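Novice: Below you'll find the structure I mean.
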Amino acid sequence: VQSYLEEIVEASRENRKLLAILIDPDKFNESESAAFFLKLPQQTTHIFVGGSTVSKGKTCEVVKIIKNVTGLPVILFPGDHSQISEHADALLFLSLISGRNPEYLIEQQVRSVEKIRKTTLEIIPTGYILIDGGKETSVQKVSNTLPLAQNNIRQILNTALAGQYSGKKLIYLEAGSGAKFPVSSEIIHAVKEALEIPVIVGGGIRSPEQLQVTYEAGADLVVMGTAFENGFFRN
Ligand code: 1GP
């Protein structure tokens, strides 16, 4: 099997757009899981699993259920070191590089290592950049860091490049789950132009039109969560 990262890099090179649906384990309803997967858009390529805070043991439970109902790759998108499950396929090894809180730059990462070493998860180094989405999101609250302002494109761009230069394989531009407005096309375009690695964009993208706009701006992979919490677009 080719690596999950390689698949994303190749899609990016060939301009094939990817769509990840984000499942928050605490909000996942087991009895409706089969119906949930049937209603997902056909173009869905990945399932991401995670949340800023998730109750203990829930991630593992939910990943196992998801693996039973779909053949899509299941990638962990953990809010902290407790959200790691050996049953997933890969792990976004996130560093919150927009923030200045060592807890989410390196401490959680160090604390996750012993667990990760016991798994066969593919580890994908990812620079995670929190950008203002018009309201205080749970990433901001839990991480106790400030998002970068959307008009400070220079700072966002420099942060993304610093991520690439320090070896991150993906850059994730995050407006936060349930953001009032998503990351602007101007930001996505500027980051995509400058970077050599794939760009993930998420937060506040709710309609097929917004999804299209995000792709056109240059996102390689878009993450949608809230819009699918009931299994379908809530236009
Ligand atoms: C959050 O980027 C994801 O981490 C998805 O956000 O729930 O707003 O789609 P939404």
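None of the figures in this text is laboratory data; all of them are computed from the coordinates on show. Keep in mind that this is a model prediction, so the values were computed, not measured. Note: ideal-geometry Cβ built from the backbone for every residue, glycine included; neighbour counts use all protein chains shown.
Novice: Give me the distance in nm between label points sitting 7 Å out from Cα along the Cα-to-Cβ direction at L157 and T44, one decimal.
Specialist: 3.6
Novice: Let me ask something else about it. Taking K and R as +1 and D and E as -1, what net charge do the other residues with C-beta under 10 Å from the C-beta of A11 add up to?
Specialist: Here the count lands on -2.
Novice: Turning to a different aspect of this structure: When the Cα centres of the stretch 140-169 and the stretch 77-107 are compared, how far apart do they sit, in Å?
Specialist: 15
Novice: Of the candidates V54, V199, V63, which one comes out as most mobile in a Gaussian network treatment of the chain with C-alpha springs shorter than 10 Å?
Specialist: Between V54, V199, V63, it is V54 that shows the largest mean-square fluctuation.
Novice: Compute, for the stretch 148-235, the length of the dipole vector about the Cα centre, with Cβ point charges of +1 (Lys, Arg) and -1 (Asp, Glu) only. Units Debye, rounded to 20. Spell out each step's value before the answer.
Specialist: Details: 7 positive and 8 negative charges, 42 e Å.
Dipole of the stretch 148-235, to the nearest 20 debye: 200 debye.
Novice: With +1 on the Cβ of every Lys and Arg and -1 on the Cβ of every Asp and Glu, and nothing else charged, how large is the dipole of the stretch 82-212 about its Cα centre, in debye rounded to the nearest 20? Write out the running numbers ahead of the final one.
Specialist: Values: 13 positive and 13 negative charges, 42 e Å.
About 200 debye.
Novice: So which residue, out of F93, F28, F77, gets the largest mean-square fluctuation from a GNM of the chain using Cα contacts under 10 Å as springs?
Specialist: Comparing F93, F28, F77 in a Gaussian network model of the chain, the most mobile one is F28.
Novice: Right, something else. Can you divide the C-alpha Rg of the stretch 69-125 by 2.2 N^0.38 Å and report the result to two decimal places? Walk me through the numbers before you get to the answer.
Specialist: Numbers: Rg = 11.8 Å, N = 57, 2.2 N^0.38 = 10.2 Å.
In units of the 2.2 N^0.38 Å rule of thumb, it is 1.15.
Novice: Work out how far the C-alpha atoms of the stretch 138-190 reach from end to end along every principal axis, then list the three figures in whole Å, largest first.
Specialist: The principal-axis extents, from largest down, are 29, 24, 17 Å.
Novice: Right, something else. Using unit Cβ charges (K, R positive; D, E negative) and no other charged atoms, how large, in debye to the nearest 20, is the dipole of the chain about its Cα centre?
Specialist: Values: 23 positive and 26 negative charges, 59 e Å.
Here the size comes out at about 280 debye.
Novice: When the helix-only estimate is applied to the chain (DSSP H runs of n ≥ 4, each -39,500 (n - 2.57), divided by the residue count), what is the mean residue ellipticity at 222 nm, nearest 500 deg cm²/dmol?
Specialist: Details: 8 runs with 78 residues, N = 235.
Calculated from helices alone, the mean residue ellipticity at 222 nm is -9500 deg cm²/dmol.
Novice: Separate question: Computed on alpha carbon atoms, what radius of gyration and Dmax characterise the stretch 1-79, expressed in Å?
Specialist: For the stretch 1-79, the Cα radius of gyration and maximum Cα-Cα distance read 13.3, 39 Å.
Novice: Given contacts defined as C-alpha pairs under 8 Å and at least six residues apart, what's the relative contact order of the stretch 4-228, whole-number percent?
Specialist: Working: 473 pairs, mean separation 41.6, N = 225.
After rounding, I find 18 percent.
Novice: By what distance, in whole Å, do the Cα atoms of the chain stretch along each of the three principal axes, largest value first?
Specialist: Taking the Cα atoms of the chain, the three principal extents are 45, 40, 36 Å.
Novice: Let me ask another. Around V49, which amide H atoms from residues at least 5 apart in sequence, or from another chain, sit under 5 Å from its own amide H, with H modelled in the peptide plane?
Specialist: Placed amide hydrogens put I23, I75, L76, F77 under 5 Å from V49.
Novice: Same structure again: Normalise the Cα radius of gyration of the stretch 45-92 by 2.2 N^0.38 Å (N = residues in it) and let me know the number. Please list the in-between numbers first.
Specialist: Values: Rg = 9.7 Å, N = 48, 2.2 N^0.38 = 9.6 Å.
Its radius of gyration relative to the 2.2 N^0.38 Å reference: 1.01.
Novice: Another one. May I ask which residue of P73, A149, I205 lies farthest towards the positive end of the charge dipole of the chain, with charges of +1 (Lys, Arg) and -1 (Asp, Glu) on Cβ and the Cα centre as origin?
Specialist: With unit charges placed on the Cβ atoms, the residue in question is A149.
Novice: I would also like to ask the following. Could I have the simple spin-label model distance between E32 and L146, label points 7 Å from Cα toward Cβ, reported in nm to one decimal?
Specialist: So the label points at E32 and L146 sit 3.9 nm apart.
Novice: When the Kirkwood radius is taken over all Cα pairs of the stretch 6-141, what Stokes-Einstein diffusion coefficient follows at 10 °C and 1.306 mPa s, in µm²/s? Don't jump to the answer; show the numbers that get you there.
Specialist: Values: Rh = 15.9 Å.
Diffusion coefficient, whole number: 100 µm²/s.
Novice: How are the C-alpha pair distances of the stretch 75-190 spread across 10 Å bins, as whole percents from the shortest bin up?
Specialist: In whole percents, the pair-distance histogram is 14, 44, 33, 9, 0.
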